[in-house]
Every structure is written in C-alpha cells, then in structure tokens.
1. Go ahead and run the numbers for FRET between residue 19 and residue 506, Cβ-Cβ distance against an R0 of 56 Å, rounding to 0.05.
2. How do 433, 282 line up, fewest other C-beta atoms within 10 Å first?
3. Restricting to bridges with both residues inside the chain, how much of the DSSP beta-bridge set is antiparallel, in percent to the nearest 5?
4. Want the number for residue 670 to residue 559: 0.36 nm per residue separation, take away the alpha-carbon distance, what's left?
5. What is the order of 903, 220, fewest Cβ neighbours within 10 Å to most?
6. Give me the percent relative contact order of the stretch 69-180, please, defined on Cα pairs under 8 angstrom at least 6 residues apart.
7. Roughly how many whole Å is it from the C-alpha centroid of the stretch 7-84 to that of the stretch 230-295?
8. Rounded to the nearest 0.05, what FRET efficiency is calculated for residue 592 and residue 842 with R0 set to 45 Å and r the Cβ-Cβ distance?
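No lab work stands behind these numbers, since they all come straight from the coordinates. Small disclaimer: the values here were computed from a predicted structure and weren't measured. Heads up, the Cβs are rebuilt from the backbone with ideal geometry, glycines too, and the neighbour counts pull from every protein chain shown.
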C-alpha cells in the first residue's frame, strides 16, 4: 500500500490523540476488510507495545447497540413465510417458492424503510391509496377476483411488516434495517454503558438516517469523532456528486458549528498518470489487466502496491486466467456470484436432471439425454467418471429418453467408471424426502472435493467453489429442518434458484501481501499506488437505474428514501476515491455496443476527460484484435510422402467413390479431411430425424421391399403386396437406423409418415407404369460395383467403387437409378459436352451417374442399344425418372464412356499428382 495512505494517517492520529494508549478506543469502519490494514498501519507507526483498539465495522456496532443478532436473507425469508401463513387464509396461501419470488422485494423495502427511520404507516398508506386509485375506473359490479386479490395484497402489506417486525424482535434476530431502527431506540442506554469509550468513525461517505443519528448521538455524549476521507476539490465543488453527502453533513450537523471540519485532503490534485482503455468484450479487458500487471512488474513495481478493482464481478475468472506467472501471490476479497460458480451449476444440473425425470414418469424415472450429459460431462465430474465413452454410446444408439437400467448397461463395459460417484449422481430419487436429497447433494460435493488434487492452484479454486455451494446446501437443510417448508423437489429447485442469486463465494487469502483483487465496495478506505479498474461502463459502474422495489420513485423522493440518484452519487464517490492517492491508474471499459456485457462508456470517464486537471496526464487508448491483411488465408496442404501413400491406399484398395470425387471438386480440403484424414463430424443424438437419416431410411425401405422380387417382372399383384408391407418395413428401418430414438410423437412422427408417403407415392407411380403396359424388371438394389481405371497418364491402376441404388430393365433397356430425397430437376442432368466436365461442381450429379455407368460397363459390358442412367427425386416425383442427357442424347454408349473416362482420368490425376498441393476453395 501507499506510504501516505489514508489508514496510515489515521493510525498516526489515533496514537497522537490517545497518547499511545488505545485501550478504550473503538474504531468504526465501513467494512470488515479494512480492519487488518488499519491494525497493520498501527503496528508500523507505533514505537511502543500497546493494546490494540477495538476495530469493528458499522454493522457490528449497530448489532452491539441494538443487542439483536443479524441473520442472513434465507432465514428472514423463512421467518417471513411463517408470518405470511398466519395472516393468509389457508385456501389462498401460496407455496413457499411462489411466495419467495415477491417476498425478497418486500424485505428489501422493509429494510430501506427501517434504515431511514421512515414511518411504515406513512409508506404503506401511500402505497395502498395509489393502488386503489389505479383501479378507480373499475365499477364495483365489474371487479374481478384478480383485482380484489391485488388490492387485498397491498392492504395486507403493512400487516405483514408489523407482524414480521415483532416476531423477529421477540426472537432477538433481524434484518439490517430492523437492527438499525432498534439501535437508535437503544442509543441512550448504550452511550451510558460505554461512557469511558472513545469512538472514531473512519472513512464514511453516504450515511442512512439511522447511522447519522447514532454518530451524532455518540458525538454529543461520548465525544466521538468522524474522520472523513474527502478531497478539497470535490468538497468545494457544489455540483460534483462525489462530495454530495459530506457537503450535506458539513452544512447540517450542529457539531461542525463549534468544531472544525477536518480530514480534507488535497491528494486528487497531485500528479497522476491515467490511461482510459477501451477494448471489445470482457475477455479483452481481462487480457489487458494481465498485460498491465506484467508491465508494472517489469518496471519494478511491487505486487503489494497494485490492486485490481472489478466493476463486474463476473470478470474474476477471466482475470485470474490472464494474470502473468510472476503474480505468484494474490488476495481475492470480493463477493463472486454463486450463480456463476461451477459447483453451483453442477448442483443445478443434478436437480434439473431428477426433477425432469420425476415429472415425466415417477414409476419408470425417464432421463433425458441432455440432462444426463450435462451432469456426467461437467468439468468437476468428467475426470472421475471418464464419461466420454458413455456419451458416445448414447449418441451412437440415438438414445433420447431412457431409464437408469439403460445407463447402467451402457457403463458396464467401462472399467474405469467411478461406480460410487455414478450411483450418487444418477440413481433415481424415488420416494426421496427433501432431507434425503440435501444429504445426497452434500455427499456428492464432499466426494468431488476429496478427489481434487491438494496442491494445484486450479483445484484450490475449485475447492473454494465447492465449499461455498456445500455451505448453501447446508443452510437450506438447516432451515428446512427448522421450518419444514420445502416439501417437494419442485419447491427445492425453485428455492435453490432464488437463493443462488443472493449468495456469494467468499475467498481466503493473505490480505497484507501480494496483488489485491476486489470489488468496488471492498475498496473503501484503502489506497494503492497502482489501480486497475474494469468494466467502467454505464450499467456496471455506475450500476444504473434498475432496482427492485414496490415503492415508486415519487414516494421514495418525497419520504426521503434513497433513489437511483443517490445510488449514482455513492458510486461516484467510490470511483473517485480509488483515484485519490493513486499514481498510475488504468480504467478499462467495453467498447462493444452489442452483446450481454455491452454498454455505453461510463459518464465517469467522460467527466474525467472534460474536467481534466493540469496535473493529470490522461491518455485514451483503444485496443482491438489484430486484424490480418486478408480476412482468411486459404489452407494449403503439401503432398508429402505419407499423404501420397494414403492416396495410393485409397486408389488401389478401397477405391474412389463417385461422392468422394465430387467432394474433391466441391472443395479439395473437405476431401482431405474426410477421405485422407478420415475426420468426420461428431455424431450427436438426433432428437428430430435429420435429412440424411430420413434419406437412409427411404433407401433401405425400398431395398427391403424389392428384395423378394429381384429378377422378376413386376406385376400389379407384386405391387399390391409391396403396398401392404410399407408400414411394417418402414417401421423396421426406422428402428434399425434411428435406433432408440422416439418416433411416436412430434417431428419424428411426422418424418415417419413422410417416409411412408414418399414410398407410397413411388409405388403408386410404379403401378401406373405397369398399368400403362411397361415391362419392369428390377435386377439389383444397393448393388456394389467397381471398375479399374488404367491409363498411361496415371501412375498406377485406380479403382472406382460405389453402390448403385437400383438397376432395372425397363422395356428391354437397362436403366441405372439413383434415389435422391432432395429436389433435383432435369436441367441438373444435362451437359453440352465433356470439356471441363470434372472441373465444375454443377456437374456433380452427371459425374456420379457416368461413374455408375462406367462401373456397370466394366462388370457387365454395354448392350448395343446402350443404357440409361438417371435420378428419381422424391421431392420432384411428379417428373418421374430424370435421365442423363448429352446434346439431347439420353442413351449411354461406349463412346460416351470413353470420352468421360478421359475427363475422369484428368480429375484423378489432379488428385494423385505429387506436384499439386491440396488447396482449399473459399
């Protein structure tokens, strides 16, 4: 910390005023964090041994005066529910989870009313009358139950407040506002009992009415002193919000009529280096924080002199991951939101998994595959389950919904599965009580914490996250055993979601050494030489107008309750206080105007620039991602020896399929990944049948239907038999291809019907052809064909291989047919010549058909009259068979195939040529 820090000056002053004896001295600070820093400063400036003063936070003092114990928001919520049930008719009473959704807002309002010592009667009378006026135009005979219940709620609200207040007071517990109000009532007794004590209030700014009364009372009866921390520049500027509250105290407090108003500094006007840095997105700010710390250390600065203040606490993890290795010691003092805690997300996933399973079918306990994967693939779970194989089996078998028995079968083959953890996570919660579920969640968290490595930094962080969630679950369990209001997994899940919003992760560290990382409120009364502040955007710093309250703005203003204007003034003080004694200041903000973390540049930054002091060096910088001169460089793969060997392996053993050849024409890089490297897209569970899956089912169904009649001339009787088998064959193909996927409802059922309809229409068209006297004999379906391409231009013989959907003889002419479930039109199959045929992707279907014809020629030879090749498009079925045509000729003869072979040889030679790299098409 800085040598001329505010707390150092306080330490010197305390020793001076009390002659090095601090035994009967109480120092009151805005928060607990500053206590250890003040003690350290007293130790450093004192040259004698002495008893430490009593150093407490303002909230601890208030509790001491009121003799009432503060309890957390969760317990207050349960206490309020008990009151609510006593005052509400049983048939109208809401469940706890529904009640808690509005009760949190009500408690916040109760808290504000009490902290500012406002008459509850005045506030609630205002509210009730306003709500009644809003309904003034509703005729008595037109009122609905909803309107009546709405008005009744506002009439009951003052009763809720009164009974809750008295109930808590009777138990000697309370929320903050109640404790403040009772402290004011108990002030006289407290000051008498502590008449030998001297109180010092240090570093305060915005005081509520209760705090003002307490300080003024102790000032009068116990000679209490206030050590402000305000700069002369802001105090004397009546338009600047930083000094708004302290100017008011200087003017209104009678104590300053006779006493001098002390502790006005002139630190802000001193020389400062200020960098205002804009960069897109939060991750950009985190990277700049890391780089700034690295630069400060390289310039000889010590970590003890540096602090990072996070305007948005969600930036904590990105910042930690961006810090340089040299930042080997740090102290985190801030409330990290529980809802972003990885362990919290795991517990939520577990609750949702079992909640959804119970809702679907309590007896069969049906899991949804995404719910299961979200649990077993969670970063805190996956290392101990090694769940990738189970997930792959779920995807391969297309499991969408399944039970626990199916899961146990899937994991049986996996010997390294942690059986205990697997069972704890996934065993059905049938007949589990809320207590059972909470105990189970604690056991799961304990097991994971036990498995973590003890010395790794990441694991230490994870342990902190796990402990935080464990504490939250433990609290819920404790309160449930006391109040017994969580009676189902529904209410448990709803309550957990709400409590995560008001819970925080607490970090432990060495506060007096290393880099300090803190939130805005934790920075009060502390000073650092080097300050980095993030997220200085509107809506973050300051936080903006959003506030949940039942009390409208106008009422708040009239009654003296704080509004967003006072809140902005508080943020203004916090922001400028960070700058008071700092020398090197780095203010970061997000320049992006879109996205979750976007926002306008903070008014504080603009104010700094407009009101720039001559002693301040302000530099405005903007960092953006480095943009290459080209938006994208095409990938290019050199044909190495191993790559050429792989190509030869394909060419001579497996063979090039027509689809692989057209894949190369479309994009050589796609060919490289799929055919050479054998990298395919990862399989995923098909909740809804994909287009390619539907195509496979139609192909397979037609093969199955025609299989008994291969080589036979089709008759109307055969056609009729196939019609009768459509339903059973398609259903069988669906089960085989779509595996465990559900086809009995939703889009899948529609796809099932579409497949049947396509086949029905195809057979109907076939029937019409038979009735028209055509002779049709299906020779083969899904026929595997191949041929060897030998040419002096090729280094070695090359195999072409593939499957033909259907080979038939129609009216004495051999016809090769390729089924397409997509739409194809006749013009796609026409070409004017062979020159450049294999260089354009628009000819892909022509190339496929001619490859099939070439393979047929090699195996069977071509009849004198030639053969036909074409496509049947199920989305263009009315056009029937779409034939390949060249210059109006539809028959394929030896000359056509000879010409095609020359073009095909050029394409294959291009693929195999070692001097030609594989270049991506963009």
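1. After rounding to 0.05, the efficiency reads 0.90.
2. Lowest count first: 433, 282.
3. 35
4. 32.9 nm
5. So the residues, fewest neighbours to most, are 220, 903.
6. With pairs under 8 Å counted, the relative contact order is 53 percent.
7. Value for the Cα centre distance between the two parts: 24 Å.
8. Efficiency, from the Cβ-Cβ distance: 0.65.
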